[in-house]
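Structure, as structure tokens:
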């Protein structure tokens with residue numbers, strides 16, 4: 001397997017399992033990442049507040065302060081560094097709690113290093129356009145002002161609702177967007193059920209992923225949806 005990370009990425013890893021932390025640290029450094037490790041919630045929060053990182057890989061169950069509380073405190077301070085939660089609890093309510101606190105993504109233990117690296121890459125290489133109405137992710141381009149979506153050079157014919165859903169996902173490309181968040185952003189206070197959302201997601205996916213194209217719109221079971229490259 002070749003090197004996947006082409007430029008140095010500054011990673012804060014907060015993990016109380018020292019054996020796991022050392023394995024992840026060494027593996028990330030082999031991929032040309034710069035890694036700072038903390039084993040306790042208090043020191044992890046201190047590092048995150050005092051230093052700049054490209055991403056924070058944060059265990060949920062930590063001594064002193066848990067990952068949910070660290071995430072909440074950082075977001076209250078307007079620290080927007082992407083946060084990837086590591087959790088041994090994959091119950092939807094636990095995942096939603098982390099995302100609602102301000103986390104950008106989650107990964108359930110045990111995990112493979114390749115999946116962790118792919119998540120880090122996806123979250124640290126989103127390329128925003130200089131024009132805030134334009135967004136690029138993978139081979140997808142979105143222009144909100146022109147109401148235009150293009151994938152792999154081909155224009156997509158989307159309804160207003162499909163475009164609004166794609167726009168919401170594009171704003172958080174590489175991250176999970178919960179069902180409730182999508183419904184709120186797209187429909188506001190109108191009476192819309194999750195079944196309605198699922199129907200529109202199916203329509204959008206059929207247009208976004210015609211035969212022969214790579215998977216891009218992923219279902220996060222029991223939580224929501226995300227735009228990601230690959231099949232993980």
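Being touching a strand residue (DSSP E or B) at 6+ places or on another chain (Cβ under 7 Å) and part of a helix (DSSP H, G or I), is that true of even one residue in segment 54-64? No, segment 54-64 has no match at all.
Scanning segment 7-51 for residues that are in a loop (DSSP other than H, G, I, E, B), modelled with pLDDT of 90 or more and touching a helix residue (DSSP H, G or I) at 6+ places or on another chain (Cβ under 7 Å) yields 15, 39. Taking the conditions (1) modelled with pLDDT under 85; (2) crowded, with 17+ Cβ neighbours inside 10 Å; (3) outside any strand (DSSP E or B) in turn, residue 135 satisfies each one other than (3). Return the total of residues in segment 146-170 being at pLDDT below 85 and either more than 15 Å from residue 208 (Cα to Cα) or part of a strand (DSSP E or B) (or both). So the answer is 0.
So that you can scan it fast, the table gives a plain yes or no per residue for (1) surrounded by 14 or more Cβ atoms within 10 Å (Cβ to Cβ); (2) touching a residue at least 40 places away in the same chain (Cβ under 8 Å); (3) in the same structural domain as residue 169 (by TED's automatic domain parsing); (4) at positive phi:
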{"site": "26", "(1), (2), (3), (4)": "no, no, no, no"}
{"site": "29", "(1), (2), (3), (4)": "no, no, no, no"}
{"site": "32", "(1), (2), (3), (4)": "no, no, no, yes"}
{"site": "37", "(1), (2), (3), (4)": "yes, no, no, no"}
{"site": "48", "(1), (2), (3), (4)": "yes, no, no, no"}
{"site": "67", "(1), (2), (3), (4)": "yes, yes, no, no"}
{"site": "83", "(1), (2), (3), (4)": "yes, no, no, no"}
{"site": "97", "(1), (2), (3), (4)": "yes, no, no, no"}
{"site": "110", "(1), (2), (3), (4)": "no, no, no, no"}
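The values are calculated or read from the model by the stated rules, or taken from the named source; none is laboratory data. Since the model is a prediction, treat every value here as computed from it, not as a measurement. Here the Cβ is made from the backbone with ideal geometry for all residues, glycine too, and neighbour counts use every protein chain on show.
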